[in-house]
Amino acid sequence: MLDALKDELLSQVNAAGDLAALEEVRVTALGKKGRITGFMKELGGLSPDERRERGQQLNALKDEISLAIDARKADLARAHLEARLKAERIDVTLPVRPETEGRIHPISQTIDEMVAIFAEMGFSVAEGPDVEDDFHNFTALNFPPGHPARDMHDTFYLPDAGDKKMLLRTHTSPVQVRTMLNKKPPIRVIAPGRTYRSDYDMTHTPMFHQIEGLVIDEATNMGHLKGCLIEFCRAFFDVDDLPLRFRPSFFPFTEPSAEVDIGCSRKGGELKLGNYGDWLEILGCGMVHPNVLEACGIDSTKYQGFAFGMGIERVAMLKYGIPDLRTFFEADLRWLKHYGFVPLDVPSMAQGLTR
Ligand code: 2NL
C-alpha cells in the first residue's frame, strides 16, 4: 500500500515540468494536509508495536520523497540555466549595428576638443538661452543705445511680445553676462554655442557657432590672457612652437582689446601653420571693460579679468581642411561621412585631437 503511494509520488515528482509544479507535488505529499502527513496523523490510533513499524516506514518514505524532490529541483534549475544561456547568448561575430555608422559633426567634434583643452586649464562650460533680450546681448556689454554696432550685428529681432524686445543672440557673450550676474568671482568659464546674424554669403551663414571665454579675479592681467591663449592655440592646432601675435584692436566690451594672429605659410596656395613668417587672424580678446563688470554687478575697483571669442566654423575649416562654410549646414550625408568623426573616438589630450 505504501509502495503504491511511493511509486505514484515519485512519478509525480519526475513529471513536474517546473518549480511551481514541483512545489505542488511537495504540498500534495508532505504539506499540512498532504498524503504522507495524513498517514502520520493516523499513527496515534495504532498499538505501540504497529506504531513503531508504521512510523519507520512512513519516515523512510518521507525522506525518499524529500530527496527525490531536491534532486528534481536541481535538475530543473540546471535546465533553466541552460535555456537562459542559450537564449541570451550574444553573437560577438555579428556585424556592427547600423546606428554605430553615424558620425559626429565637425562642429561638435571641434567644440569637444576645445572644451577638453580649456577643462584642463580649469574652465567650466556655461550655457544660456539662444533667445535673449537687449540688456544681456548689448546693453550690459557696453553698447550705448543707438550705437551703430547694434546695427553692425544685423540682429534677428523677434516679433514684439510684451515689454521686452527679444532677439537671437549675436554672440555668446550674454552667457557670460548671466554668469557674472549669478556667480561671485573668481570666475573661469567658456561658453560655446549657436549664434545668429542676418547674413548669408560665401563666408557667412545666418546661424553659426562661437566659443567665448571669461576669467575674472582680483589680479587677473594681460599676461594671463596671453599665456592662456598661447597654450590653447598650440594644443588645439597641435603645433608646439606655433607663434602668436597680439595686435591692438577695439571691442566695446574690452579695453584694451587685441586681435590674435597665428603663424602660417601660404606658399604654393597651401596653408601651413607654424613659424613661417606669415600671419592668420583667428580670435579677438581683451581685458573686460569696467563698465561691463559694473553692469554685471561686479565691483570694478576690486576685480578685473580677460575675455576672448572666436568663430568655431572658421577654426574647424582651418584644422580639418573643410573648404566651404555653407556645407556645414546642408545636412549632406556624403559630406558628413567624409568630414565627420566616428562616435567612439573620444577626444583627449593624448589622442583624437589630430584625426
Ligand atoms: C571675436 C571677438 C571677443 C569677448 C569676445 C567678452 C564677453 C564679456 C565681456 C567682455 Cl561678457 N568680452 N567677449 C571679448 C573680446 C573679443 O570676441 O572676434 N569673436 C568672434
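All of the numbers you see were taken from the coordinates with simple rules; none came from a lab. Since this is a predicted model, take the numbers as computed values, not measurements. Counting neighbours? That spans all protein chains shown, and the Cβs are built from the backbone with ideal geometry, glycine included.
Rounded to the nearest 0.05, what FRET efficiency do Glu255 and Phe329 have when you use their Cβ-Cβ distance and R0 = 35 Å?
Using R0 = 35 Å, I get an efficiency of 0.50.
Please compute the volume of the convex hull spanned by the alpha-carbon atoms of segment 105-174 and report it per residue in Å³.
Value for segment 105-174: 128 Å³ per residue.
How big is D for segment 76-196, in µm² s⁻¹ as a whole number, if Stokes-Einstein is applied with the Kirkwood radius of its Cα pairs at 4 °C and 1.567 mPa s?
68
Count the net charge of all other residues whose Cβ sits under 12 Å from the Cβ of Thr179, scoring Lys and Arg as +1 and Asp and Glu as -1.
Result for the neighbourhood of Thr179: +2.
What GluC sites (Glu not before Pro) in segment 256-291 are in a loop by DSSP, with at most 14 other Cβ atoms within 10 Å of the Cβ?
Qualifying residues, ordered by number: Glu270.
Starting from the Kirkwood radius over alpha-carbon pairs of segment 135-215, derive D by Stokes-Einstein at 37 °C in a medium of 0.692 mPa s and give it in µm² s⁻¹.
Translational D for this selection: 237 µm²/s.
Subtracting the Cα-Cα distance from 0.36 nm times the residue separation, let me have the gained length for Tyr276 to Ser300 in nm, one decimal.
Taking 0.36 nm per residue and subtracting the Cα distance, the gain is 4.6 nm.
Okay, which of segment 298-327 sit inside 18 Å, backbone N to the point 7 Å along the Cα-Cβ direction of Arg266?
Flagged as within label range: 314-315, 317-319, 321-325.
As a test of the formula, what do you get for the chain when each DSSP H run with n ≥ 4 contributes -39,500 (n - 2.57) and the sum is divided by the residue count, at 222 nm and rounded to the nearest 500 deg cm²/dmol?
About -13000 deg cm²/dmol.
Measuring from label point to label point, each 7 Å out along Cα→Cβ, what is the Asp18 to Val342 span in nm?
4.4
Would you mind computing the Rg to Rh ratio of segment 2-87 from its alpha-carbon coordinates, Kirkwood style for Rh?
Ratio of gyration radius to Kirkwood radius for segment 2-87: 1.11.
According to a simple spin-label model (label point 7 Å from Cα along Cα-to-Cβ), what is the distance in nm between Phe156 and Ala71?
Simple spin-label model gives 7.9 nm for this pair.
State, to one decimal in nm², a quarter of the convex hull surface area for the C-alpha atoms of segment 107-339, i.e. the direction-averaged projected area.
Quarter of the Cα hull surface area: 13.9 nm².
What is the spin-label model distance, in nm, from Thr28 to Arg89 if the labels are put 7 Å beyond Cα along the C-beta direction?
3.5
Could you tally the net charge around Arg35, taking each other residue with its Cβ under 12 Å from the Cβ of Arg35, Lys/Arg +1 and Asp/Glu -1?
Every neighbour counted, the sum reads +4.
Using Cα pairs closer than 8 Å and at least 6 residues apart in sequence, work out the relative contact order for the chain, in percent.
In percent, rounded to a whole number, it is 16.
How much of the DSSP bridge set in the chain is antiparallel, in percent, rounded to the nearest 5?
If I count the DSSP bridges inside the chain, around 95 percent turn out antiparallel.
Take the alpha carbon atoms of segment 60-110, find their center, do the same for segment 214-237, and report the distance between the two centers in whole angstrom.
54
Provide the FRET efficiency to the nearest 0.05 for the Lys164-Tyr320 pair, computing r from the beta carbons and using R0 = 30 Å.
0.15
Cα-Cα over 28 Å: which of Lys62/Lys86; Lys6/Lys86; Lys183/Lys226; Lys164/Lys226?
Cα-Cα > 28 Å for Lys62/Lys86; Lys6/Lys86; Lys164/Lys226; rest within.
Taking the chain as a Gaussian network, Cα atoms linked when under 10 Å apart, which of Leu214, Leu225, Leu58 shows the biggest mean-square fluctuation?
Maximum among the listed residues: Leu58.
Could you compute the FRET efficiency for Met207 and Val125, with r as their C-beta to C-beta distance and R0 at 22 Å, rounded to 0.05?
Calculated transfer efficiency: 0.65.
Taking segment 1-67, which trypsin sites (Lys or Arg not before Pro) meet the DSSP loop condition and have no more than 14 other C-beta atoms within 10 Å?
For trypsin sites (Lys or Arg not before Pro) across segment 1-67 that sit outside H, G, I, E and B with at most 14 neighbouring Cβ atoms in 10 Å, the list reads Lys32, Lys33.
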